[in-house]
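For reference, the structure is listed below as structure tokens.
The values are calculated or read from the model by the stated rules, or taken from the named source; none is laboratory data. The shown structure was predicted, so the numbers you read here are calculated from the model rather than taken from an experiment. With ideal geometry, Cβ positions are generated from the backbone for all residues, glycine too; neighbour counts draw on all protein chains shown.
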Amino acid sequence: MKQIRTRFAPSPTGYMHLGNLRTALYTWLYARNQKGIFILRVEDTDQKREVEGAVDIIYSSMKLAGLDWEEGPDVGGDYGPYIQSKRQDSYLPYAKELVESGHAYYCFCMKERLDGMREEMTAKGETFKYDKHCLSLSKEQVQERLDAGEEYVIRQNVPLEGSASFDDAIFGRIEVQNSDLDDAVLIKSDLMPTYNFANVVDDHSMDITHVMRGSEYLSSTPRYNLLYDAFGWEKPVYIHLSPVMANAQRKLSKRQGDPSFEDLLEQGFLIEAVINYIALLGWSPGTEQEMFTLEELKGAFSLEGLSKSPAIFDMQKLTWMNAEYIKKLNVKEFHDLILPYMKKVIDVDKFDTMYLAELLKQRCEVLPDIMEKIDFLEEMPEYSTDLYFHKRMKTNAETAKPVLQDMVNVLDALDTWTVEGIRSAVMGYIEKTEVKNGYVLWPLRVAISGKMSTPGGAYEITYLIGKEETIARLKKSISML
Ligand code: GLU
């Protein structure tokens, strides 16, 4: 059997759109599942849209996602170059071959003529279609104008009759009437190919067996097949993917404020969680399993699990999944991931950050969440003494005062500052005074954190804050009562 060769062909836009990341992932998974070759091809023929550094962002996003490629601009391969702008010379000869065989033709129509036609047709409620005006030029006339250095494009010569079709692996048979197809430009006046041409030439030249891409290309694929037929080339298997939607009405779009892959990582989502979530946006394993490592996805992936219907990106679901991944990390891993966020709000040298990580791990959905949970460690926030009121604990500002005064003495007398040491000292006091735990612990926590909830309870945060600071905070809080 022929070796499977798939490709991911992003245009350098400067960020990794989540829909594109999903295309890359599925294409990669299919190649890995089928022991095939995965190729990275950069489609940069639209020079106007080029963004500085954008190609590097493609590499780095792919690497972060764990998607490796056997052939690509940076690693080379037998079918290079893998950047379209560097393949520029290969397209024109193919286009000329089509001109020779009558499947394409030179067009010298100026922008003014085309704009006029477009306006006229739009006014009539029709979609623009080039009128094959230049098809009637004789070979000699064409040569004369080329010799005179006139600007030109090369257009596909779509037959006026008949239809073009193909069978998509997901969407089934797609057929269009040739009369509905425009004579699309194949080579632009800057001699760069359009996507419409480059994708066909490149997929053929690179021996691509399976083309996986967004369903926005579904309707133009019949026209690509006319080109394959004109050349007499073997067609790839087409697998078009339904779009990733922001909601029922519109596609996910960075311009409308939806996050890219990089944005999600910046917002503190874990790469593994994003990949796992994205994998399930439009693909189902056919079982109840939801949590997949990339390795497991490789084994489980199949084209049969791909869905025809659009998938809706659900931030809540992703957030849930992220929390699940955080729970699975060990404390050290989690610690290292949140360290940069800790550094933003506390002086990490002053605190037992490993212990803090242990406390935070169970209740963290996305990494930056931890900042507002721990900033009180660095600096005692302003708070209202109303916080001492707790109905069930039977506490208020008045009951708090003597308890806090006693706490100063109890804690000041401690020599070794550990959570256990603090617990047994405070519990000793609670037993001696015969009050309920909360009667002491609630005001203690409020007095040193200014908060009603903290990572860990009174003992844990007393330990974290340290002896000297705890005593100072207690005294300050007493003076407010
Ligand atoms: N460069 C195209 C895009 O970014 C790729 C389409 C394809 O995979 O053929 O949408």
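Among the residues of region 221-237, those that are more than 10 Å from the ligand (Cβ to nearest atom) and in contact with a strand residue (DSSP E or B) (Cβ under 9 Å, 6 or more places away or on another chain) comprise 222, 223, 225, 226, 227, 229, 230, 235, 236, 237.
Among the residues of region 281-295, those identified as touching a helix residue (DSSP H, G or I) at 6+ places or on another chain (Cβ under 9 Å) and not hydroxyl-bearing (Ser, Thr, Tyr) are 281, 282, 283, 285, 286, 289, 290, 291, 292, 294. So, residue 68, is that one at pLDDT below 95 and charged (D, E, K, R) or not? No: the conditions fail for residue 68. Residues in region 219-234 that are buried (at least 16 other Cβ atoms within 10 Å of the Cβ), under 17 Å from residue 205 (Cα atoms) and within 35 Å of the chain's Cα centre (by Cα): 224, 225, 226, 227, 228. Residues in region 192-214 that are within 11 Å of the ligand (Cβ to nearest atom) and among the small types (Gly, Ala, Ser) were compared, and the one that is farthest from residue 97 (Cα to Cα) is 214. For region 31-49, the tally of residues that are within 13 Å of the ligand (Cβ to nearest atom) and farther than 19 Å from residue 200 by Cα stands at 1. Taken together, the residues in region 51-86 that are farther than 11 Å from residue 41 by Cα and crowded, with 19+ Cβ neighbours inside 10 Å amount to 5. Considering the conditions (1) within 20 Å of residue 261 (Cβ to Cβ); (2) touching a residue at least 40 places away in the same chain (Cβ under 8 Å), residue 45 is excluded by exactly one of them, (1).
Taking the criterion of being surrounded by 16 or more Cβ atoms within 10 Å (Cβ to Cβ) and either within 19 Å of residue 267 (Cβ to Cβ) or modelled with pLDDT under 95 (or both), the residues of region 372-394 that qualify are 373, 374, 393.
In region 1-30, of all residues being assigned to a helix (DSSP H, G or I) and among the hydroxyl-bearing types (Ser, Thr, Tyr), the one that is nearest to the ligand (Cβ to nearest atom) corresponds to 23.
Residues checked against (1) modelled with pLDDT of 95 or more; (2) of a type outside the set (Gly, Ala, Ser):
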| position | (1), (2) |
| --- | --- |
| 254 | no, yes |
| 257 | no, no |
| 273 | yes, no |
| 301 | yes, yes |
| 306 | yes, yes |
| 320 | yes, yes |
| 339 | yes, yes |
| 343 | yes, yes |
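Kindly indicate the residue of region 436-459 that is part of a loop (DSSP other than H, G, I, E, B) and of a type in the set (Gly, Ala, Ser) and also farthest from residue 358 (Cα to Cα) among those meeting that condition.
Within region 436-459, the first condition is being part of a loop (DSSP other than H, G, I, E, B), and the residues that meet it are 436, 450-457.
Applying the additional criterion that residues be of a type in the set (Gly, Ala, Ser) yields 450, 453, 456-457.
Numbers: 450: 22, 453: 16, 456: 9, 457: 13 Å.
The selected residue is 450.
Of the candidates 23, 27, the single residue that is in contact with a Ser or Thr (Cβ under 6 Å, 6 or more places away or on another chain), crowded, with 17+ Cβ neighbours inside 10 Å, modelled with pLDDT of 95 or more and polar (S, T, N, Q) is 27. Selection of region 78-115 for residues being polar (S, T, N, Q) and within 34 Å of the chain's Cα centre (by Cα) yields 84, 85, 88, 90.
In region 80-108, of all residues being touching a helix residue (DSSP H, G or I) at 6+ places or on another chain (Cβ under 6 Å) and not in a helix (DSSP H, G or I), the one that is nearest to residue 10 (Cα to Cα) corresponds to 81. Residue count for region 395-416 satisfying the condition of being exposed (fewer than 13 other Cβ atoms within 10 Å of the Cβ) and among the charged types (D, E, K, R): 3. Name the single residue that is farthest from residue 472 (Cα to Cα) among those in region 384-435 being basic (Lys, Arg) and part of a helix (DSSP H, G or I). The extreme case among them is 432. None of 261, 269, 171 is under 31 Å from the mean Cα position of the chain (by Cα) and more than 16 Å from the ligand (Cβ to nearest atom) except 269.
In the set 136, 165, only one residue is polar (S, T, N, Q) and at pLDDT 95 or above; that residue is 136.
Which fully enclosed helices (runs of 4 or more DSSP H) of region 270-376 have 1 or more residues being closer than 30 Å to residue 215 by Cβ and among the hydroxyl-bearing types (Ser, Thr, Tyr)? I'd like the intermediate steps shown before the answer.
Working: elements: 271-279, 294-300, 315-328, 331-345, 353-361.
Passing ranges, in order: 271-279, 315-328.
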